[in-house]
Structures are given as C-alpha cells and as structure tokens.
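Please read the structure below before turning to the comments.
The values are calculated or read from the model by the stated rules, or taken from the named source; none is laboratory data. Everything quoted here is computed from the prediction, not taken from an experiment. Neighbour counts run over all protein chains shown; Cβ positions are idealised from the backbone, glycine included. For accessibility, only protein heavy atoms count, side chains too; no ligands or nucleic acids. Shrake-Rupley method; radii C 1.70, N 1.55, O 1.52, S 1.80 Å.
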Amino acid sequence: MAQLTFREAIAHGLAQEMRRDPSVVMIGEDIGAAGGVFKGTVGLFEEFGPVRVRDTPISEQAILGAAMGAAMTGLRPVAEVMFSDFFAVCWDIVANEIAKSRYMTNGQVSFPLVIRSGNGGGLRFGAQHSQSVENWAMMVPGLKVVVPSNARDVIGLMAAAIRDPDPVIFLEAKALYPTKSEIPEGEILDTLGTATVPRSGADATLVALGAMVPRALAAAEELAEQGIDCTVVDVRSLVPLDTQTILREVSATGRMFTVEENPRLCGWGAELSSIVTEEAFYDLDGPIVRITTPHIPLPAADALEDLAIPSVERIVETVVKSMNS
Amino acid sequence: MTMTTSHITAKLELYRVQVALREFERRAHDLFLENLVKGTSHLGLGQEAVAAGVAAAMRPTDWTFATYRGHNHTLARGVPMTPVLAELMGRSNGLMAGKGGSMHLTSVEHGMMGSYAIIGAHLVIACGAAWSAQYRGTDQVAVCFFGDGTTNIGAFHEALNFAAIWKLPVVFVCENNLYMEYTRTSDITAVEHPAADRARAYGLEPIIVDGNDVDAVFEVASTAIDRARAGEGPSMIEAKTYRHGGHSRADPGKYRPDEEVKAWLARDPIPMYHSRLLAEGASEEQLVAIHHAVMAEVDLATEEAKAGTPPGPELLMKDVWADGGSQWRN
C-alpha cells in the first residue's frame with residue numbers, strides 16, 4: 001500500500017478512468033501543462049495529451065456548456081470549475097440546463113459528466129474563494145453531489161462519478177488537498193450514495209461531510225477521553241443520500257450531531273435533521289444539534305476564519321454541553 | 001428562367017416547408033385562443049425562411065440547437081406536426097409527453113437537440129456538441145439559432161471565443177427580428193449588426209443575409225456548414241427578418257410602428273417565394289396543391305393532438321435520472 005495526498009489522488013483517480021475509457025476527456029482553466037491551480041491534474045497532460053486534457057479560457061459558462069453538449073453526444077467529460085464560488089457565474093448551465101434537460105425531454109438525453117471543483121475554506125482566501133456550496137447543488141433536482149473526505153475515497157468516488165450516467169458535482173475540500181491516506185493497489189471503485197462509518201461508538205453519532213470528517217474524528221478522540229463514545233458517519237454523497245446508514249447509526253446511539261462547513265441556513269444537516277425526526281424520532285434521546293459555520297460570509301483573517309468554521313474544539317464543547325444538559 | 005427538375009423539386013420543398021411552418025403556427029395560435037394550448041408560446045410567424053433554408057442545408061446527422069421560439073426549427077428538421085402540437089397542448093402523445101412544453105421542443109432522433117429558454121445557454125452547449133464531433137472524428141455539424149437579443153449576454157461572447165479558438169464545427173445563426181422582446185435591439189446595442197459586427201471581434205467573417213429569402217439563406221448556410229464539416233471552423237450568420245406577431249402570447253407588439261410592420265409584411269417570405277417560383281416556371285396549381293396538402297396535415301395533426309390523453313401520473317416522477325427514476329435517497 002502506498003500513501004497518496006488528496007491532491008495526488010485526484011489525478012490518480014482521473015487517470016484510472018481515462019486509461020479505461022477513451023470517451024473520458026477533461027476541460028478547465030490551467031488543468032493542462034500547469035497541472036491545475038491546486039495541482040489536482042498533475043501528470044495528466046503528459047500522459048493523455050492536449051486533446052484529452054484541454055485548457056480553456058476563463059469562461060465558466062463555456063466550460064460547463066461544452067461539457068453538457070459533449071455529454072449529450074457521446075463523451076464523458078470531466079470539467080473543472082477552479083473554485084466552487086465560481087458556480088455563481090455559470091449556475092444557469094448547471095441548474096437550468098444540465099439538471100433539467102433529461103426530465104424536460106422525457107428522457108431523450110443523458111448527461112454522463114462530472115464537474116470537479118475546489119470547495120470550502122481554511123486557506124484564508126476570503127469570502128469569494130472559500131465557500132462551501134454543496135447546498136447550492138443539493139437543492140436542485142437532477143444533480144448528484146459527492147464530497148469525499150480522504151484520498152482513498154477521492155479515487156473510488158471519482159471512478160463512480162465518471163462511470164455514472166448522470167451529472168455529478170464533485171466537490172474537493174481545498175483544506176484536505178495536502179492530507180494523506182493509504183491507497184490499496186489496483187482499481188478502486190466506490191458506489192455513489194453510500195455513507196461510511198469510520199468510527200463506532202455507543203453514546204452519540206457525529207454526521208460529517210468533506211473537510212469536517214477528519215475534524216469530527218479528531219473530536220471523537222477527545223470526547224472519548226472525556227467519557228463520550230462517538231460514532232462518526234462520513235456522508236460522502238448528498239445526492240443520492242444514504243439515509244439508511246444515517247438512520248441506523250443515529251438510532252443506535254440515540255443522539256445526532258451534524259458537522260457542516262456550510263453557513264447555517266438550509267445546510268444539508270437541516271434536511272438530515274428533518275429525515276431523522278420524521279423517521280427515527282422515538283429512537284432519539286435528546287435534540288438533534290447542528291454544528292455549522294455561522295450565517296456569515298467567510299472572513300479572510302486566520303483568527304476569524306478559524307472562529308467561523310467548526311473546529312475540533314467547538315465540536316467537542318458542543319457535544320459535551322448537549323450531552324450533559 | 002427555367003429550372004432543372006431537381007432544382008424545382010428542391011425549391012418546391014423549400015416552399016412546402018415554409019408553408020407548413022406558417023400554417024402550423026397559425027393553428028397553434030388559434031388553439032391558444034381556444035385555451036387548448038396552455039402556458040406561453042413564442043411563434044415564429046414571419047421567420048420561416050431562416051428555419052427552412054438552414055435546415056435544408058443540413059444532413060440528418062447534424063444537430064440543431066434552438067431557442068424557446070423553436071417550433072419552426074423543430075418542424076424544419078422533419079419532426080411530425082402531431083407530437084409537436086400535442087406537446088404544446090400538454091398531451092401524452094406530445095414530443096416529450098407534455099413534460100417540456102412549447103419552449104423545450106426536443107427530438108434527438110431528428111437531430112433536434114433541444115430548444116433552450118434561457119438566453120445564451122445553448123450557444124455554449126452547441127459548442128460542446130461540436131467539440132464532441134471534433135473529438136470523435138465524425139463530420140457532424142452543430143447549428144445554433146438565436147435571436148438578436150442574445151448577442152448582449154455573456155454566454156454569446158464566451159461561445160464565440162470558444163468556438164473560434166478550438167475551430168469547432170458549429171454554425172451560429174442569429175435571427176435578427178429587430179426586437180429584443182419589447183425593445184428595439186438597436187436602442188440597446190453598441191453596434192449596428194448585433195451578431196455580424198461582433199463576429200469580427202472573434203476572427204469570424206461577418207455574414208449578413210436577407211432572412212426572408214429562403215434561397216439566400218440556403219446558400220450562406222450551405223457554405224458555412226460545408227466549411228464547418230471540412231474542419232475550417234465556426235461561422236456566424238446574421239439573418240435579417242421580422243416576426244409578424246409579438247414576442248409571446250402576452251404581447252400584441254404595439255410598440256412597433258405601423259409603417260415598419262407594413263413594410264415587413266410586404267416582404268413576407270412566403271408570398272415572395274411564391275412569386276419567385278411562378279417566375280421560375282412553377283405552376284399555380286403546384287403551389288395550391290402544396291398548400292392544400294399542408295392544410296390537411298395541420299388539420300390531421302390538430303385532430304390527433306386533441307385526441308391525446310393528458311399525461312398520466314406515472315410520468316411525474318420519471319426520468320430525472322438515467323435509470324428512469326427520481327430516487328434521491330435509499
């Protein structure tokens with residue numbers, strides 16, 4: 001087993017799929033010889049050449065429009081939107097065109113495409129380059145939304161996303177790019193819509209996504225020292241959503257805490273809270289508690305950004321306070 | 001002037017298609033007034049020559065991308081009238097079983113890759129189809145129709161640059177009917193020819209054609225499509241035309257000066273072509289017979305569309321995903 005960083009796993013996962021399927025092509029800004037601004041596509045230009053790894057102008061509508069037109073005519077494009085904040089300049093293509101055209105045409109067209117994007121904060125980039133926009137995508141019918149939390153899952157979920165016949169928004173937590181994990185030999189292929197349980201405990205269930213998963217795991221270690229034994233669920237995929245795993249793991253402990261990087265209102269945790277309340281209410285021993293970024297634009301200064309995004313300390317404090325009240 | 005048999009056959013077909021588009025739209029309008037066509041609709045009355053002329057220059061394997069004013073372009077690709085009319089009426093025998101409506105007519109089997117209702121989007125989507133043809137080494141061409149108003153939105157400019165730098169096999173066709181919805185395009189546009197003048201900025205030849213002359217449209221479209229097919233890159237055609245009605249069902253078009261409307265009605269593409277065909281040797285009987293056949297087709301489509309049932313509830317949750325369903329959780 002080798003170790004790969006999250007950013008190396010991006011290129012590894014893309015290469016795995018590009019080698020097996022010549023219809024997989026990539027477009028985006030600076031993804032070619034430059035290897036991507038986050039170095040997520042290093043080596044792909046050299047291996048697959050400029051026809052399959054194609055640089056584009058700063059034209060997000062054209063990048064995603066091209067991906068859509070190509071997907072409906074036989075290719076499996078992987079388009080990169082450099083920062084997920086930039087979805088705001090091309091959201092028509094995502095939300096109105098890609099997401100709806102299959103339904104509107106009574107199933108005449110399909111969009112086997114992936115839109116990769118650097119998501120979330122922690123890099124001190126300020127309010128326009130740090131947002132967690134998974135909820136923008138989750139609320140549009142017709143989009144699948146995948147958010148890996150470690151390098152191994154990047155590869156497996158990337159493969160599943162590329163092979164999926166539907167459009168997938170693949171959000172890469174920028175804060176995780178340098179993190180490493182063990183990568184098994186050979187092909188890695190996951191299934192979309194499957195949550196994992198990286199830690200099991202008896203007292204409370206922390207449900208986390210993306211960059212919040214390692215924080216939830218770290219918090220669980222500290223909580224264990226204080227006598228609170230936590231399960232951690234890595235949601236991995238918001239659409240499709242593995243509600244069965246979440247319901248099972250919440251019912252087993254009787255307590256649910258969501259750990260969300262997104263601003264408070266309409267976060268994915270609110271939807272999960274609704275589902276758990278409707279379907280597992282009598283298994284709960286206390287209120288569902290959401291731990292989120294406050295409902296503010298993200299500040300740039302490290303001192304302030306660290307206060308905004310849920311930290312290990314805040315997760316621990318919140319869980320302790322709630323469990324003891 | 002006399003024409004060869006194949007010439008006259010082709011020209012009579014161009015006439016037939018224009019008449020079919022005209023009579024279909026008139027019927028759609030009548031059915032609106034009867035409240036059988038619901039929602040909104042954007043008729044292509046007056047703009048038939050653009051749709052007919054360009055479609056005649058395309059191969060069956062080529063792709064059309066159209067706007068919400070797309071009835072003409074759908075029919076011109078050979079999609080039968082009944083499913084189109086039934087779609088407008090929200091019936092299960094509609095082109096998309098009633099799930100799309102007037103603004104989203106699509107028939108992939110006819111190369112009609114969709115009607116797009118958000119201004120500008122389909123220009124970049126057409127680029128994607130053209131990229132796919134280029135990558136896969138097919139000789140397919142994407143043809144993208146849009147209105148003069150589209151030339152002022154960002155996606156128009158992104159698409160032109162993209163198509164030019166990648167030398168994509170795409171032909172952009174601007175139907176310049178002088179009005180962006182209710183406003184004169186010349187009042188809100190920095191250049192005289194909104195599409196052609198911008199084409200220069202992206203290294204494309206500005207091509208302006210009389211959009212009410214189907215022969216002229218056919219000619220420039222053929223040249224542009226051949227160029228694209230030969231790998232010589234994109235083209236921009238600006239076809240000057242005029243819509244006979246308002247922007248949509250809700251608009252009587254009162255903002256247009258009477259003399260302007262009169263002048264354009266005198267340049268109605270169908271009577272103009274009728275006269276030309278007679279001058280070139282077609283007989284009045286031939287043209288009347290074409291008109292009768294079209295009316296019979298429109299009448300039959302009307303009856304068949306009216307006979308269609310409303311779409312059943314089983315369609316509501318169908319086809320969000322490629323597996324045919326809409327499940328978002330387990």
Q.
With every protein chain kept in place and ligands, DNA and RNA left out, what is the accessible area per residue of chain A? Probe 1.4 Å, answer in Å².
A. 35
**Q.** Average beta-carbon neighbours from other chains, 10 Å sphere, peptide B:115-126
**A.** 6
Q: Pairs to check: A:Lys100/B:Lys318; A:Lys144/A:Lys174; A:Lys39/A:Lys180; B:Lys240/B:Lys262; B:Lys11/B:Lys254. Give those whose C-alpha atoms are more than 23 Å from each other in this structure.
A: B:Lys11/B:Lys254
Q: Excluding residues fewer than 8 places away in the same chain, name every one of the lysines whose C-alpha is closer than 16 Å to that of B:Lys306.
A: B:Lys38
Q. Counting only protein heavy atoms and rolling a 1.4 Å probe, how much accessible area do B and A lose on contact, total for both sides, in Å² to 100?
A. 3900
Q: Could you size up the charge dipole of the range B:5-306 around its Cα centre, putting +1 on the beta carbon of Lys and Arg and -1 on that of Asp and Glu, and report it in debye to the nearest 20?
A: 680
**Q.** Percent of beta bridges antiparallel (DSSP, the protein assembly as shown, rounded to nearest 5)
**A.** 15
Q.
Under 14 Å between alpha carbons, and skipping anything fewer than 8 positions from B:Lys99 in its own chain: which aspartates and glutamates qualify?
A. B:Glu87, B:Glu314, B:Asp319
Q) Is the shape of the protein assembly as shown rounded, prolate or oblate, going by the alpha carbon gyration tensor and its root eigenvalues a ≥ b ≥ c, with a/c under 1.5 for rounded and a/b larger than b/c for prolate? A) prolate
Q: Note down the magnitude of the dipole of the range A:2-183 about its Cα centre, charges +1 on Lys and Arg C-beta and -1 on Asp and Glu C-beta and zero elsewhere, to the nearest 20 debye.
A: 240
Q | Solvent-accessible heavy-atom area per residue, rounded to whole Å², over the range B:192-278 at 1.4 Å | A | 45
Q. Whose amide H sits under 5 Å from the amide H of A:Ile169, counting only residues 5 or more places off or on another chain, with H placed in the peptide plane?
A. A:Ile115, A:Lys144, A:Val145, A:Val146
Q.
Can you compute the charge dipole magnitude of chain A about its Cα centre, using +1 on each Lys and Arg Cβ and -1 on each Asp and Glu Cβ, nothing else charged? Give it in debye, rounded to the nearest 20.
A. 560
Q.
Just want the answer: with Cβ charges of +1 for Lys and Arg and -1 for Asp and Glu, which residue in A:Ala219, A:Ala208, A:Thr277 is farthest toward the dipole's positive end in the range A:196-324?
A. A:Thr277
Q. What is the calculated FRET efficiency for A:Glu46 to A:Glu313, with r their C-beta to C-beta distance and R₀ = 30 Å, to the nearest 0.05?
A. 0.10
Q: Quick one: pull the percentage of alpha-carbon pairs in chain A with a separation above 24 Å.
A: 52
Q) Lys/Arg Cβ at +1, Asp/Glu Cβ at -1, dipole of the protein assembly as shown taken about the Cα centre: which of A:Ser181, A:His295, A:Val147 is farthest positive-ward? A) A:Val147
Q) Once amide H atoms are built 1.01 Å from N in the peptide plane, which residues 5 or more positions from B:Ile208, or in another chain, come under 5 Å H to H? A) B:Glu238
Q) Ignoring ligands, DNA and RNA, what percent of the accessible area of the range A:2-183 is carbon or sulfur (1.4 Å)? A) 57
